[in-house]
Amino acid sequence: MLKAEQLTKRFGDHLALDHLDLTIESGEVYCLLGSNGAGKSTTINIFLGFIPASSGRALIDDLEVSVNNHATRNLVAYIPEVVNLYPTLTGLENLAFFSGLAGFRYSRAEMAAFTDTAGLQPEALDKRVSSYSKGMRQKVGIAIALAKQARALFLDEPTSGLDPHASNEFAQIITRLSGQGVSTLMATHDLLMAKNLGHRIGIMHQGRLQQELRSDAVSYAELTDRYLSTVNQPV
Amino acid sequence: MLRLIIQKELREIGRTGKMGWLLTGVAVLVALALYNGYAYYTDHSALLRESQRVTYEQFISQGDKNPHLGAHFGFYAYKPTADLALVDNGIEDYTGTSFYLEPHQRGVVKFREVSDATALRSFGFLNISYFAQFILPLFIFLLSHNVFAKEWENGTIKMVLSARVMARQLFAGKLLACWLLVLAVVAVLSLVPLVLLLARAEAGSLGRVLPAYGCYVLGLLAYALLLTIIGVATSLLTRNSSLALVALTGFWLLGVFLVPRLAGELARRVQPAITSVAFDDETFHDKQYGVGKQGTKDQRRDALADSVMAKYGVRRLEDLPVFFIPITIEFFEESDGRVMDRAYGAIEHNEARQNRLVLASALLSPFLAFRDFSMHLTATDMNTHHDFTQRAEAHRRRIGVIVDDFYQKNTVAGNDFWRTVPQFAYAAPGLGWRLGNAAPAIGILLLWLLGALGLMTLAYRRMRV
């Protein structure tokens with residue numbers, strides 16, 4: 001379970017995140033929508049412990065991130081817009097390294113099973129990542145998340161630049177992980193993906209969570225209207 | 001965790017094409033440095049040993065002669081090539097190796113290797129020490145400059161720090177990976193000379209050589225470690241491989257080229273060397289009147305004659321039971337010796353002050369500190385050179401006393417007498433003396449090591465996405 005309590009972040013005079021209250025249950029997929037600078041990535045970065053909150057608390061399975069950063073890292077996996085991997089290592093070597101950092105050691109067969117689940121072609125496993133497409137890197141990122149046995153998944157624009165087929169594969173995997181009880185917080189600009197994949201959708205603007213919707217209670221057209229009316233609010 | 005990070009780093013380094021070229025270049029230079037050092041050591045040590053033997057053989061087989069004239073035939077005292085000259089030949093090319101042993105004249109060390117060398121010698125002599133002082137730092141910086149920066153440039157740092165690895169584990173893993181490669185180069189630099197030393201060392205000399213060499217290797221390890229820490233910490237602090245490379249190579253250029261030259265220039269200006277004209281003028285005057293202004297040479301000779309005649313209870317020099325001329329020679333040898341000791345002492349004092357100024361600049365350049373440490377430990381430094389000249393001068397005076405004592409009672413000396421004149425032999429002092437001379441440089445290297453550890457702590461505390 002993920003929880004934000006009055007989570008606030010200031011960068012100098014700029015209020016990047018303004019008293020965010022949010023709870024994401026186990027197995028729930030929560031999509032954060034918003035224009036650039038709305039506070040989506042800042043929220044994720046605080047949960048990952050990359051930046052400290054100015055005030056408020058971020059909790060992962062009831063552990064406060066700022067106090068138990070080392071412990072909470074064991075619980076999370078992170079897939080950014082571009083999954084950055086070591087280009088001179090193979091996909092399998094990257095997977096072994098990142099799962100090793102998380103404290104897991106797997107056999108080749110076990111790692112191949114993760115990449116297979118993530119949809120990566122077996123023949124790509126031993127190729128250097130420098131030859132991978134963005135979609136293939138994304139799949140390695142998913143395999144890493146699977147290998148880390150994460151309880152919480154943070155996705156920052158994960159489908160940006162992926163072709164529809166790859167996006168669809170990605171959505172299926174997230175749904176499967178959700179079924180296994182993984183809490184997911186996804187920042188995205190893709191309204192259709194948010195509608196189809198998320199259980200709940202939050203629309204952020206200028207650091208504040210302006211609206212919260214259940215995806216099954218809103219149509220795509222209505223979501224689009226609400227999104228546009230929120231992000232077009234005057235400063 | 002550490003093993004995982006080290007393995008990953010080594011794998012990445014191994015797969016980087018430019019690193020392959022770099023390691024090949026380093027291997028070639030190491031091989032050249034080893035060959036050059038060994039060739040220098042074997043050629044010079046054999047040549048000097050043979051020269052020492054030949055000139056002495058000629059001296060003791062010169063036949064029947066007036067003892068004083070025979071003494072003027074003289075022979076050379078050669079400074080043997082330092083045991084560790086295959087590692088570092090220090091200032092030996094510039095100070096010369098031979099000291100002529102003859103009456104009246106304190107020898108001047110001659111045969112400076114550099115005087116016969118081409119202009120190419122101004123680039124330095126590639127041996128192990130040169131490699132360690134100038135090329136090894138560059139290798140370390142090229143190896144380590146992007147070890148952290150690439151994580152930011154590739155964007156992998158977020159993936160890494162979202163795992164449960166701790167900052168200090170990550171730093172230690174990357175540092176150890178670089179250190180293992182540096183250690184491999186240092187191991188080759190250290191072990192091959194050790195094998196050569198063991199193979200070539202004369203009986204009994206290993207006891208003197210090995211402890212000094214062991215300390216040299218320890219110093220080399222500390223020096224390489226501090227440079228590796230500086231390289232890795234700079235990579236982390238800059239988070240940009242180009243910036244890190246510019247910073248590290250700038251530090252290298254300053255430390256290797258600029259600081260030593262500025263320090264040398266400053267030392268020359270602050271503590272100017274005594275010119276040869278002033279030296280000759282002063283010693284000529286002092287030889288005429290003695291160190292304590294005891295009067296002209298004629299006055300002192302008359303006073304000596306009076307005291308010798310009084311000692312033997314005679315009124316005329318012709319009545320002395322011994323020849324007076326050798327007594328005069330011995331008297332003025334002692335008097336002139338005091339003059340020259342004082343004059344050379346002043347030069348050495350001046351050089352020591354210049355050296356202290358230059359060594360102080362090592363606070364800005366660890367390369368200078370290691371150079372000083374290396375020369376002291378290998379006994380190719382100015383202290384050893386002075387020790388050699390003092391012992392050679394003492395030997396020259398000892399020969400003077402032997403010849404003059406003989407001359408007081410004999411006007412002709414044959415080979416039987418010449419063979420009683422002892423051969424000169426020199427061995428540089430042992431480890432304690434060398435470490436004593438190197439103590440300031442060791443202190444500065446330790447300060448640099450502490451500074452590098454401080455930089456490391458600062459860097460890993462700032463490890464943020």
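The values are calculated or read from the model by the stated rules, or taken from the named source; none is laboratory data. Remember, it's a predicted structure, so these values are computed and weren't measured experimentally. Every residue, glycine as well, gets a Cβ built from its backbone with ideal geometry; the counts of neighbours run over all protein chains shown.
Determine whether A:Leu177 is of a type outside the set (Lys, Arg) and farther than 30 Å from A:Phe114 by Cβ.
It is false that A:Leu177 is of a type outside the set (Lys, Arg) and farther than 30 Å from A:Phe114 by Cβ.
Do we find that B:Leu455 is out of contact with any Phe, Trp or Tyr (no Cβ under 8 Å at 6 or more places or on another chain) and more than 14 Å from chain A (Cβ to nearest Cβ) in this structure?
Working: out of contact with any Phe, Trp or Tyr (no Cβ under 8 Å at 6 or more places or on another chain): yes; more than 14 Å from chain A (Cβ to nearest Cβ): yes.
In short, yes.
Could you tell me whether A:Ser99 is at pLDDT 85 or above and either within 11 Å of chain B (Cβ to nearest Cβ) or not in a helix (DSSP H, G or I) (or both)?
yes
When you check A:Asn94 against the structure, is it modelled with pLDDT of 90 or more and either within 19 Å of the chain's Cα centre (by Cα) or within 14 Å of another protein chain (Cβ to nearest Cβ) (or both), yes or no?
Yes; evaluated as a whole, the condition is true for this residue.
Has the stretch A:156-172 got at least one residue that is assigned by TED's automatic domain parsing to the domain that holds A:Thr8, closer than 27 Å to A:Leu15 by Cα, in contact (Cβ under 8 Å) with a residue 12 or more places away in the chain and not charged (D, E, K, R)? Show your work before the answer.
Looking only at the stretch A:156-172, we keep the residues that are assigned by TED's automatic domain parsing to the domain that holds A:Thr8, and these are A:156-172.
Filter again for closer than 27 Å to A:Leu15 by Cα, leaving A:156-158, A:160.
With in contact (Cβ under 8 Å) with a residue 12 or more places away in the chain added as a condition, the list becomes A:156-158, A:160.
Among the residues that remain, those that are also not charged (D, E, K, R) are: A:158, A:160.
Yes, because at least one residue in the stretch A:156-172 is assigned by TED's automatic domain parsing to the domain that holds A:Thr8, closer than 27 Å to A:Leu15 by Cα, in contact (Cβ under 8 Å) with a residue 12 or more places away in the chain and not charged (D, E, K, R).
Taking the stretch B:122-171 only, how many residues are touching a residue at least 40 places away in the same chain (Cβ under 8 Å) and at the interface with chain A (Cβ under 8 Å from one of its Cβ atoms)?
Here the count works out to 3.
Is at least one residue of the stretch B:306-320 touching a helix residue (DSSP H, G or I) at 6+ places or on another chain (Cβ under 7 Å), under 21 Å from B:Ala394 (Cα atoms) and either in contact (Cβ under 8 Å) with a residue 24 or more places away in the chain or surrounded by 14 or more Cβ atoms within 10 Å (Cβ to Cβ) (or both)?
no
Criterion first (within 11 Å of chain B (Cβ to nearest Cβ), assigned to a loop (DSSP other than H, G, I, E, B) and either surrounded by fewer than 17 Cβ atoms within 10 Å (Cβ to Cβ) or of a type outside the set (Asp, Glu) (or both)) does A:Tyr106 satisfy it?
Taking the combined requirement at face value, the residue does not satisfy it.
Take the stretch A:73-85 and flag every residue that is more than 7 Å from chain B (Cβ to nearest Cβ), in contact with a helix residue (DSSP H, G or I) (Cβ under 8 Å, 6 or more places away or on another chain) and under 17 Å from A:Thr43 (Cα atoms).
A:Ala77, A:Ile79
Suppose we filter B:Phe373, B:Phe324 for residues that are among the aromatic types (Phe, Trp, Tyr), out of contact with any strand residue (DSSP E or B) (no Cβ under 7 Å at 6 or more places or on another chain) and buried (at least 19 other Cβ atoms within 10 Å of the Cβ); which single one remains?
Criteria check complete, one pass: B:Phe373.
Residues in the stretch A:50-70: is at least one over 25 Å from B:Leu10 (Cα atoms) and facing another protein chain (nearest Cβ under 7 Å)?
yes
Looking only at the stretch B:351-364, count how many residues are closer than 14 Å to B:His386 by Cα and surrounded by 15 or more Cβ atoms within 10 Å (Cβ to Cβ).
Here the count works out to 2.
When B:Met159 is evaluated against the numbered criteria (1) assigned to a helix (DSSP H, G or I); (2) modelled with pLDDT of 85 or more, which criterion, by number, is the only one it fails?
Answer for B:Met159: the failing condition is (2).
Among the listed residues A:Glu25, A:Glu5, which satisfies the condition of being touching an Asp or Glu at 6+ places or on another chain (Cβ under 7 Å) and either assigned by TED's automatic domain parsing to the domain that holds A:Asp225 or not hydrophobic (A, V, I, L, M, F, W, C) (or both)?
Result: A:Glu5 is the single residue among A:Glu25, A:Glu5 that is touching an Asp or Glu at 6+ places or on another chain (Cβ under 7 Å) and either assigned by TED's automatic domain parsing to the domain that holds A:Asp225 or not hydrophobic (A, V, I, L, M, F, W, C) (or both).
Is it true that A:Thr88 is polar (S, T, N, Q) and away from every other protein chain (no Cβ under 12 Å)? Talk me through it step by step, then tell me what you get.
Values: polar (S, T, N, Q): yes; away from every other protein chain (no Cβ under 12 Å): no.
When the stated conditions are applied, A:Thr88 does not pass them.
Give just the number: which of (1) over 29 Å from A:Leu162 (Cα atoms); (2) in contact with a strand residue (DSSP E or B) (Cβ under 6 Å, 6 or more places away or on another chain) does A:Tyr78 not satisfy?
(1)
Quick one: count up the residues across the stretch B:10-36 that are more than 10 Å from chain A (Cβ to nearest Cβ), buried (at least 18 other Cβ atoms within 10 Å of the Cβ) and either over 22 Å from B:Val87 (Cβ atoms) or small (Gly, Ala, Ser) (or both).
Residues that pass the stated criteria total 1.
If we scan the stretch B:198-205, do we find a residue that is more than 14 Å from every other protein chain (Cβ to nearest Cβ) and within 22 Å of B:Trp448 (Cβ to Cβ)?
Checked against the condition, which is being more than 14 Å from every other protein chain (Cβ to nearest Cβ) and within 22 Å of B:Trp448 (Cβ to Cβ), the stretch B:198-205 yields no hits at all.
Quick one: would you say B:Phe367 is at pLDDT 85 or above, over 30 Å from B:Glu318 (Cα atoms) and surrounded by 15 or more Cβ atoms within 10 Å (Cβ to Cβ)?
yes
With respect to B:Ala267, determine if the residue is crowded, with 19+ Cβ neighbours inside 10 Å and closer than 19 Å to B:Ile347 by Cβ. I'd like the intermediate steps shown before the answer.
Working: crowded, with 19+ Cβ neighbours inside 10 Å: yes; closer than 19 Å to B:Ile347 by Cβ: yes.
When the stated conditions are applied, B:Ala267 passes them.
Which one of these does B:Asp286 not meet: (1) at pLDDT 85 or above; (2) surrounded by 15 or more Cβ atoms within 10 Å (Cβ to Cβ); (3) over 30 Å from B:Trp152 (Cα atoms)?
(1)
From the list B:Thr420, B:Thr380, pick out the single residue that is closer than 30 Å to B:Phe257 by Cβ, among the polar types (S, T, N, Q) and outside any helix (DSSP H, G or I).
B:Thr380
Among the helices (runs of 4 or more DSSP H) contained in the stretch A:120-226, which hold 1 or more residues that are within 14 Å of chain B (Cβ to nearest Cβ) and buried (at least 20 other Cβ atoms within 10 Å of the Cβ)?
Values: elements: A:134-147, A:164-179, A:191-197.
The qualifying helices (runs of 4 or more DSSP H) are A:134-147.
Restricting the search to the stretch B:137-170, which residues are among the charged types (D, E, K, R) and over 26 Å from B:Leu254 (Cα atoms)?
The first filter runs over the stretch B:137-170 and keeps only residues among the charged types (D, E, K, R), leaving B:150-151, B:153, B:158, B:164, B:168.
B:Glu151, B:Glu153, B:Lys158, B:Arg164, B:Arg168 - these are the residues of the stretch B:137-170 that are among the charged types (D, E, K, R) and over 26 Å from B:Leu254 (Cα atoms).
Collect the residues in the stretch B:298-336 that are of a type in the set (S, T, N, Q) and closer than 23 Å to B:Ile402 by Cβ, keeping them in residue-number order.
B:Ser307, B:Thr328, B:Ser335 - these are the residues of the stretch B:298-336 that are of a type in the set (S, T, N, Q) and closer than 23 Å to B:Ile402 by Cβ.
Is it the case that B:Leu48 is away from chain A (no Cβ under 14 Å), in a helix (DSSP H, G or I) and surrounded by fewer than 15 Cβ atoms within 10 Å (Cβ to Cβ)?
Criteria not met by B:Leu48.
Return a yes/no flag: does the stretch A:68-76 have any residue that is more than 17 Å from the chain's Cα centre (by Cα) and farther than 22 Å from B:Arg3 by Cα. Please lay out each step first, then the result.
To start, the set of residues in the stretch A:68-76 that are more than 17 Å from the chain's Cα centre (by Cα) comprises A:68-71.
Keeping just the survivors that are farther than 22 Å from B:Arg3 by Cα gives A:68-69.
Within the stretch A:68-76, one or more residues are more than 17 Å from the chain's Cα centre (by Cα) and farther than 22 Å from B:Arg3 by Cα.
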